[in-house]
């Protein structure tokens, strides 16, 4: 405590004044937007006053602020902060033992579906396996996208707000090739990656000279252009109706079907179970995400990876040392885009249906948020952020019990995005350098030391 | 020719609205060097506040439209300015010394929060408002095609020009404007010379939000329909306009807004309406390739 301890009445006075001010601001913010609701009626819009709601909101802010002021921010009755750090296992994982920790994580991820499946079948636990696997697949898709974007943003320091464009290119490549030429997933996967990489280069060329936020806005515009073209180029992309009946991947040519020729189940002498296909999808995306991760880790040790990191730290210094920044930028875009394309292709095969709606700006924002919230350059950070953001987001789906408290009109799904935004802001404020704010140096002179997040100048381009 | 003139008029009206929003982006960028992603949604909140204030005033029995509009304008500017201040205070100020992607993420988060707050509080349906300002002038008639200049278009352009004038005076003549320009050049040095940097930055957000509220009101009057999603598209366009004109430059923002408005209108009129956004965004990319700092922007000196 640097400031002198004030008397109780003075502190109470100050806290009351502050809380009143906060309540006043809240009232000003919400008096029209929350205090009234516009209702459609026969003669046009009318207003319905909701004074109770407004009063509750103002009251919550007043009381909350008062308590915070008294007990949390300043005062000698300070509630002792919990000794445990909320992210206690993480530092142990990231520092010197990071490889072991990562290994454990990978093994756990690899064993999870098989074990869960076997346990469920033998013991008849009735686990919501289907839901769990679907959720894991979704999280892993975002992990992979995060890894891919991490190459562009975290390593090369190029702020890309249109990453979803490459995701879309990958998805539509596969969907169109499958619909028109009957190509399978495994054939299209490399093609989707290649095409997305090509688009990465196409985007990369015009933005070579741009820096920082100019780059951000042009990539954002690029993402929107791709989405608008997909939406309006109806005779190729089927416009807003999207493309459906995208085939599922096969296991070395063995389809996952109940009947018809040689299937996965009949070949291995198993009883057909729809979960087989989902478990297989899980392994496909796990493999893809691991591939991306390993690729990134290896790349960082190659000359091109070092060139990226040098470029991120200082472009001019980098250029004056003789590094070709044109090549470095284009390869960064192309590599990041390639993984986006893979992920897109996987997304298409998993959903079986794609439409331009899935590729809006909000997806780019979510992926970027995962990369930044995870602590840029940190692979495990990306995994954690994806689990927190996507997993938490999906958990909010099953909140029907809240209707018991707030009445039947209460629709919890409406609040999901609101909570998502609040979580995004909250995590960033809580840990401004990301969940994992340190990372391993790519190059070491004598000993390995963790690099603090604040030393990494990502996004400065 | 008549068709062309009509589109020119429409484009200028639309461009003025974009310009008003773009000023908020460009000022914030000039001072703290961040994209205030939530600004488009501040504009949307402003439009909603204007709508509710208008309905409220009407239901209270004040039927004199010009007076009601002035009241609505004042209320909307004040309350939206409060929103701008709050967003800065909650989401940006704690991260001011952080690395530059951090406030960008909170800004995107704030944008999501504002959009969904309005969606939850006011419903997702579009909100129509009957035309408030009607009538106009017919400039000339060419072979049955009349060029119309409606009153609302005149109001938009006059308001924009007047506000630009006031704003220009504030920036160039007052102590606040001087403080803002000082912060823009060197925040640390400005703080050392006695400028209250935090307050100046807050004032910038407040001014930007107030202008966005005006844009929101004009948008509401011009189109007569708003929803919780208008902020996103308008925000991107306005940011495009700010970058186009050279970010950090006020006349640039206005010029950029006009150019984007005109491109969009002419593209819809002569080519295809579906691809009007593609046209505006492609134009942005093309301009930036040839003028990497925008039309009126200062080139930054690059140092190691």
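Bear in mind that the values in this text are calculations on the coordinates, not laboratory data. Since we're looking at a predicted model, the values are computed, not measured. Please note: Cβ atoms are built from the backbone with ideal geometry, for glycine as well, and neighbour counts cover all protein chains shown.
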Using a Förster distance of 60 Å, the FRET efficiency for residue A:209-residue A:42 (Cβ separation, nearest 0.05)
0.55
Which of B:137, B:25 has the fewest Cβ neighbours within 10 Å, and the rest in rising order:
B:137, B:25
How long are the semi-axes of the ellipsoid equivalent to the stretch A:283-373, from square roots of 5 times the Cα gyration tensor eigenvalues, in whole Å, largest first?
30, 16, 11
A correct fewest-to-most ranking of A:318, A:188 by other Cβ atoms within 10 Å would be A:318, A:188
For chain B, with a Gaussian network of springs between Cα atoms less than 10 Å apart, report the residue from B:88, B:142, B:264 with the top mean-square fluctuation.
B:142
q = 0.06, 0.10 Å⁻¹, the protein assembly as shown: log10 I(q)/I(0) [Debye, one scatterer per Cα]:
-0.40, -1.13
Pairs of alpha-carbon atoms within less than 8 angstrom and 6+ residues apart define the contacts here; what relative contact order does chain B have, in percent?
36
To the nearest 0.05, the calculated FRET efficiency linking residue A:124 and residue A:187 through their beta-carbon distance, R0 being 30 Å, is 0.15
Longest principal axis of chain B (C-alpha) makes with the long axis of helix B:230-245 (C-alpha) an angle, in degrees to the nearest 10, of 70
Over the alpha-carbon set of the stretch B:2-229, work out the extent along each principal axis and list the three values in angstrom, largest first.
64, 38, 32
The helix B:276-290 Cα axis meets the longest alpha-carbon principal axis of chain B at an angle in degrees, between 0 and 90 and rounded to 10, of 40
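Using Cβ contacts closer than 10 Å as the measure, can you line up A:138, A:159 from fewest to most?
So the residues, fewest neighbours to most, are A:138, A:159.
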Express the Stokes-Einstein translational diffusion coefficient of the stretch A:8-73 in µm² s⁻¹, to the nearest whole number, given a Kirkwood radius over alpha-carbon pairs, 10 °C and a viscosity of 1.306 mPa s.
120
Assuming R0 = 51 Å, what is the FRET efficiency of residue B:132 and residue A:10, from their Cβ-Cβ distance, to the nearest 0.05?
0.45
Centre separation in Å (Cα based) which lies between the stretch A:142-195 and the stretch A:229-247:
17
When the Cα atoms of the stretch B:195-274 are enclosed in a convex hull and the volume is divided per residue, what value in Å³ results?
112
Of B:78, B:255, B:67, which is the most mobile in a GNM of chain B whose springs link Cα atoms less than 10 angstrom apart?
B:67
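So what is the calculated 222 nm ellipticity per residue for chain B, using -39500 (n - 2.57) for each DSSP H run with n of 4 or more, over all residues, to the nearest 500 deg cm²/dmol?
On the way: 11 runs with 216 residues, N = 304.
The per-residue figure over chain B is -24500 deg cm²/dmol.
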For the stretch A:321-393, Rg(Cα) over 2.2 N^0.38 Å is 1.34
Compute the Kirkwood hydrodynamic radius of the stretch B:104-218, taking the inverse of the mean of 1/r over all pairs of distinct Cα atoms, and give it in Å to one decimal.
18.2
Nearest-ten-degree value, helix B:197-223 long axis tilted from longest Cα axis of chain B
10
